[in-house]
Each structure stands twice: as structure tokens, then as C-alpha cells.
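S.K.: Structure below; questions to follow.
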Amino acid sequence: MTATVPAAPLPYQAAFEKPEDGEAETIHGLIETLEKISHTTFEDTKHGLRGVHAKSHGLLTGEVRVLDHLPPVLAQGLFSKACTYPAVLRLSTVPGDVLDDKVSTPRALAIKLLGVEGERLPGSEGDTTQDFVMVNGPAFGAPDAKHFLKNLKLLASTTDKGESLKKAFSALARGTEKVIEAFGGKSGTVIAMGGHPETNILGETFYSQVPSLYGPYIAKFSIAPTSPALKALTDAPVDLHDRPNGIRDAVNDYFAHNEAQWELRVQLCTDLDAMPIEDASVPWPENKSPFITVAHIHVPRQVAWSEARSAAIDDGMAFSPWHGLAAHRPIGSIMRVRRVVYDTMSKIRARQNKASIAEPTSLPPF
Ligand code: HEM
């Protein structure tokens, strides 16, 4: 472990959370907008897809090994003792429709740990999973759920608007992004609309972007590549020319020959002004509180994506920050609204697919 554990992480107090006015209406608006996306894609594909993160690029199984002898501050919740959990990983990109990878958008990693014991979150009683749901940037594109609803309505209006238009927009947006980067910033909106650099998804570092409890403390989570073969893929270009599933192909190629190891890290909140809970658009400064490794994720060689895996994981599972332990309760505006939204939307796609979605107790038998 190289980073230093903060001496004084802030203990959580209920007063740190300040529900927004009209949070119930925002939840309603989010579900209405996501249902529109999901209805449009269902009409088009006759398949129930996620309202966002519809396209998967890798569907993996492996294990999460919690480090031995973590200092007491870090030995919380499922990390309280050295333990190995079987895990399912799903790599995806953000849009709610399944696009040609040439429309290059932010990437995501969701991971589900199995066999996790302890007091459960509301709605997750009776299960033994713990999910972490992450995207490849340290902060969310909107400060709170109300602002996110506005962005989502914009994205919803582009669902199913014609691939070639989106590809053209993506190429244009990549140019635009270069201009924005030259001025020292990254435009979340431009990237979300299709201007992400065409790089290998396996080199990415992923972030929860929004906080959860960490036992008595507050933390954000992150997953970063550690094995040399994975690290070599950071910012490595991926060939997407005439390869509509080029990202998925690159992941399959990698896992045909290599295993992978990532580290699962936590960033403890030490200062509410610099590391706000209710403003998800602020990256927590790593010079104030670094990410510290609490577990390693090991994924052996395997077929990384197949129709059978897609049926089992894309269609048969749902990932949500609200699947888990009370010790890791999601907090803040964005997290609060996700509880109902994820549950409602996963039930809709289960109905569309006439499939059941359940929390697994063992790894699927691939
Ligand atoms: C108010 C804010 C948000 C809303 C309304 C929202 C909504 C959703 C919905 C409806 C799904 C699909 C659920 C399903 O059908 O199973 C989803 C999936 C996902 N979301 Fe969010 N989300 C929000 C914020 C975030 C944030 C902050 C992150 C991460 C930093 C994130 C990352 C993901 C990922 C990675 C998936 C795909 C999970 C999988 O592979 O199944 N979302 N989101």
C-alpha cells in the first residue's frame, strides 16, 4: 500500500445529507424519461435493454480478494476481514441504445461480489451481493439529480436518431473535445454525446463518482488496472474502423490470452467543503485524501463476451449501488434517487424479456 491512510476521516452524520426540494418528482421524471428510452429501443430491437449502459463489452467472472491486515479505519463493512468473494463484472458504455462503437462514449464497469454477509440495505434484504457501479471519470456530469434529469432528457431525445448522424456527431465531438481539452477542461456533455477517445476499455480507471458509507465514515470507490498487460492498455488506441463491436472484440482478444488484475480502492472523506456529498460534480481532491487499495480483483483467461453470457448477465442480472450492506449505504442526491430508479427500470426490462432478474448466490456456470 503506497498512499497514506488519512489520520482523521470524517464520521458520517445524518445532517450531512440534505434532500433536494421535489426529490420525489425528480425520481418520477427520471423514470418517465428512462422508460421512453427503453420503450424506443424495445420497439426497435424487440429486446429489453438497460435504459442507460445498454451495450456490454465484457461479461466476466473472477474474484475479489480483500487485503489482510487493513488498518482499523479501512477494515469496514465487507472489507472488515481478509476474505475472497466470487465476482461478476460487466463492462459497458453509457448510451441506452446499442450503437456502433464508432460512436465513442464514456465507459463503465459494474462489479457484483457474491456471498457477502452482514446487515443489508433496505430492498436488498435476503440477498448476499454487494455491487459497485462505476464510470471512467472521477466526478458525475451533474451536481444533483434535478440537473441530471435535464441532461438525461437531452440524451433521450437522441435515442434512435440514426446511427450515421450519431457517428458524424461523434467524429465532430472528438474534434470539439480536443479544443475543450486545450483550454484545460473536459466537457462531460460533449463526451457523453459521443466524443470519447477511441481507446481500449481495459486500460481505464473507473470511479463510483458519488459517495457511500464506509462503516462510520464516508468514501468514494475506484477500480484501477494493476497487471502490466492491463496497464499497457491505458490510452492504447483500439481499431474501430468498420468494427461495430470493436471494443468487445478487443476485450475478447485480451482475455483469450491474458488474465487481469485491478485494485479496488477507497477515498475517505476528510473535509466536507472540499469533498461534498450533495454535489456529485466535484471530484474529491486526491492530494487531500488519496485512493487507498483495500482489495484486488483477479479475472482469469476466459471468453469475455458470448450470447450465453449476455443472456445470463445482461438479461438475468441487475447491478445497483443499493444491492449491498448497510455499512456501505449510498448517500447524497444522486445516490438516493438511484434506489427506486434502478429497481423500477430493471423490472421493466425483465418484463420486456419475459426473464427473471435475481441476485445470484453462485457464479453462472459458463
Ligand atoms: C441520478 C443518477 C443516475 C440515474 C438515474 C441512473 C440510472 C441508471 C439506470 C436506470 C440503469 C440501468 C438499470 C438496469 O436496468 O438494471 C443504470 C445503469 C448503470 N449506471 Fe446509472 N444512473 C445514475 C447515476 C450513475 C452514476 C453516478 C454512475 C457511476 C459513476 C452510474 C453508472 C451506471 C452503470 C455502470 C450502469 C450499468 C450497470 C450494469 O452494468 O448493469 N450511474 N443507471
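Laboratory data are not the source of any read-out in this text; all were calculated from the coordinates shown. If you're wondering where the values come from, they're calculated on a predicted model, not measured in any experiment. Reconstructed Cβ throughout: ideal geometry from the backbone, glycine too, with neighbour counts over all protein chains shown.
S.K.: Using only helices, what value at 222 nm comes out for the chain when you add -39,500 (n - 2.57) per DSSP H run of length 4 or more and divide by the total residues, to the nearest 500 deg cm²/dmol?
M.R.: My calculation for the chain gives -8500 deg cm²/dmol from helical runs alone.
S.K.: H257 to A8: FRET efficiency via 1/(1 + (r/R0)^6), r the Cβ-Cβ distance, R0 45 Å, to the nearest 0.05?
M.R.: With R0 = 45 Å, the Cβ-Cβ based efficiency is 0.50.
S.K.: If a/c stays under 1.5 just call it rounded; otherwise compare a/b with b/c (prolate if a/b is bigger, oblate if not). Do that for the chain, with a ≥ b ≥ c from the square roots of the Cα gyration tensor eigenvalues.
M.R.: rounded
S.K.: Which one of V294, T234, Q209 has its Cα pushed farthest toward the positive end of the charge dipole of segment 14-353, where Lys and Arg give +1 and Asp and Glu give -1 at the Cβ?
M.R.: T234
S.K.: Shifting gears a bit: Is the C-alpha gyration tensor of segment 266-366 telling us rounded, prolate or oblate? Criteria: a/c under 1.5 is rounded; beyond that, a/b larger than b/c is prolate, otherwise oblate.
M.R.: oblate
S.K.: Arrange the peptides 324-330, 106-112 so that the one whose residues have, on average, the most other Cβ atoms within 10 Å appears first.
M.R.: Ranked by mean Cβ neighbours within 10 Å, highest first: 106-112, 324-330.
S.K.: Taking the Cα centre of the chain as the origin, how large is its charge dipole in debye, to the nearest 20, when only Lys and Arg (+1) and Asp and Glu (-1) carry charge on their Cβ atoms?
M.R.: It works out to roughly 240 debye.
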